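Structure first, commentary second.
The values are calculated or read from the model by the stated rules, or taken from the named source; none is laboratory data. Just so we're clear, the structure is a prediction, and the values are computed from it rather than from any experiment. We place every Cβ from the backbone using ideal geometry, glycine too, and count neighbours over all the protein chains shown.
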Amino acid sequence: MYFIEQFSNWKFYLVGAYPAGSMGGLLLNIVLAAIALSLSFFFAIILGCGRLSPKKYIRYPFGWFIDIVRSTPLLMIVFWFYFFLPYLLGEHVTVFGSAAFALVVYGASYQAEIVRAGILAVPRGQMEAALTVGLSKYQAMRYIIMPQAFKIMLPSFISFFVSLFKDTSIAYIIGVIELTQSGVIVSQRQPDRIYAAYLCVALGFWTVSYSISRFATSLEKRLGTIDLWRFSLVPGKR
Amino acid sequence: MIKFINVYKKFKEECIPLNNVDLSIAKGQVVVVCGPSGAGKSTLLRVIPRLEAIDRGEIIIDGLSVTNSRANLAKVRSEIGMVFQQFNLFPHKTAIQNIMLAPMKVRGLTRKQANKKAMALLERVGLVHKAGNYPSQLSGGEQQRIAIARSLAMEPGIMLFDEPTSALDPELIQEVLDVMISLAREGGMTMIVVSHEIGFAKKVADRVLFMDNGVILEDGSPHEVLISPKHQRARDFMSNVLHVRDDLREENATFLN
């Protein structure tokens with residue numbers, strides 16, 4: 001019953017005080033994830049390609065950066081930028097800003113490895129064929145390697161997207177009023193409704209994550225109709 | 001003209017695919033390279049567009065060194081066509097898109113010009129009706145003919161064939177060889193073909209090379225190298241290649257009788 005009753009707070013869970021006050025709740029998680037995903041995706045391509053560079057002075061620094069971030073807990077990265085960014089850019093950096101920044105750095109490093117694996121999974125002969133017809137290395141990457149690599153990367157990207165969306169809940173720790181924080185606030189106001197409040201939080205995350213995965217599955221099926229020659233992702237199914 | 005000057009390449013210890021190779025191939029010559037596996041035949045081809053770097057020596061094409069670090073590689077490569085054993089068509093593009101890509105991106109042709117050129121090439125390899133198919137919808141022989149057309153689209157002066165028929169079903173080999181034979185007969189194009197298709201060599205080759213352990217052992221007319229090679233190693237190889245064929249023929253004959 002308490003759980004049903006919680007739905008009277010639905011607006012607080014979904015959008016926080018928005019539009020009258022500041023944005024919060026699940027909407028904030030979605031916005032945070034959208035920013036983190038789009039920016040980190042862009043940087044991941046740069047990082048991933050950098051790590052594959054034949055030049056040592058490019059490859060090594062990119063590799064170090066990726067490895068350092070990947071071997072640090074997300075919580076540490078969030079804390080670190082929470083304290084470091086205001087120091088660097090001034091006090092006007094919001095908690096939302098530092099959370100987004102941390103998630104971009106984290107997401108970019110993880111996705112860089114997906115990018116790298118995807119590029120390496122394209123048969124070597126493709127690059128050779130592209131070069132011998134006279135394409136430059138950049139053109140070969142742009143028109144031949146990347147389109148094939150993206151199809152290989154797609155499943156990994158989507159599962160990372162889902163997990164990054166859930167990871168936005170960690171922004172709670174530095175005081176971003178997102179869905180988890182909303183649950184905490186409600187449960188503090190009504191201590192006897194703790195279970196119900198957290199159940200609502202779980203429901204919110206589940207709904208969005210599940211929708212992304214469903215959408216992803218249908219997207220993969222649709223793209224799967226473009227046959228990719230011999231490295232079809234499902235054996236026997238072309 | 002392609003000139004190898006003292007070219008040396010080593011992969012690891014005891015694996016020297018090119019051991020001080022000196023070679024000069026005149027413009028328009030059709031050269032067939034044969035030899036046992038691991039002899040360095042493929043490497044001999046792959047160092048020309050610098051898909052592999054060499055350790056020592058120099059390779060000169062039409063007076064320009066391609067091994068020089070300042071060489072304009074994209075320019076050099078666009079003058080050289082290469083056909084691979086595994087076809088290496090671009091799987092996300094249709095047959096005609098495979099052919100059109102480089103002329104548009106490298107030579108700056110418009111879509112219309114590139115399309116016209118591609119259709120002419122498809123006609124030449126007899127695959128106009130497959131223009132819109134993806135590589136996965138084509139047989140091995142068809143894929144290889146598209147790959148040849150893709151190389152020809154750049155109008156290269158040199159065509160390199162790296163075992164173009166080795167990955168094909170026996171019944172599909174001839175259609176690819178026919179395209180290559182017509183190319184060779186047309187003349188004007190330097191062709192280097194790594195292949196064990198003795199029939200092809202006999203028909204159109206101006207010159208046959210036999211390689212073993214990174215060294216060119218035999219170099220001469222098809223008759224000299226295939227029928228009466230000077231070295232024992234080459235003689236053994238030739239008799240093996242030719243004998244297998246004879247045995248098969250006999251077997252088939254008995255089977256058919």
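The figures follow:
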{"read-out": "The range B:177-212: number of residues that are assigned to a strand (DSSP E or B), closer than 9 Å to B:Val32 by Cα and either without any contact (Cβ under 8 Å) to a residue 24 or more places away in the chain or under 12 Å from the mean Cα position of the chain (by Cα) (or both)", "value": "4"}
{"read-out": "The range B:76-90: number of residues that are more than 8 Å from chain A (Cβ to nearest Cβ), surrounded by fewer than 24 Cβ atoms within 10 Å (Cβ to Cβ) and outside any loop (DSSP other than H, G, I, E, B)", "value": "1"}
{"read-out": "Scope the range B:143-157; condition buried (at least 24 other Cβ atoms within 10 Å of the Cβ), of a type outside the set (A, V, I, L, M, F, W, C) and more than 8 Å from every other protein chain (Cβ to nearest Cβ); matching residues", "value": "B:Gln143, B:Gln144, B:Arg145"}
{"read-out": "Within the range B:130-140, tally of residues that are surrounded by fewer than 20 Cβ atoms within 10 Å (Cβ to Cβ) and away from chain A (no Cβ under 11 Å)", "value": "4"}
{"read-out": "Hey, A:Phe157 within 30 Å of B:Gln97 (Cα to Cα) and at pLDDT below 90 or not", "value": "yes"}
{"read-out": "Where a residue in the range B:91-107 is facing chain A (nearest Cβ under 7 Å) and within 18 Å of A:Ser136 (Cβ to Cβ) and its partner, wherever it lies, is of a type in the set (Val, Ile, Thr) and assigned to a loop (DSSP other than H, G, I, E, B), with Cβ under 7 Å and at least six apart", "value": "B:Ala102/A:Val133"}
{"read-out": "Selection status of A:Leu223, at pLDDT below 85, within 14 Å of chain B (Cβ to nearest Cβ) and either under 26 Å from the mean Cα position of the chain (by Cα) or closer than 30 Å to B:Met82 by Cα (or both)", "value": "yes"}
{"read-out": "Of all residues making up the range A:167-199, the number that are in contact (Cβ under 8 Å) with a residue 24 or more places away in the chain and over 17 Å from A:Gly24 (Cα atoms)", "value": "5"}
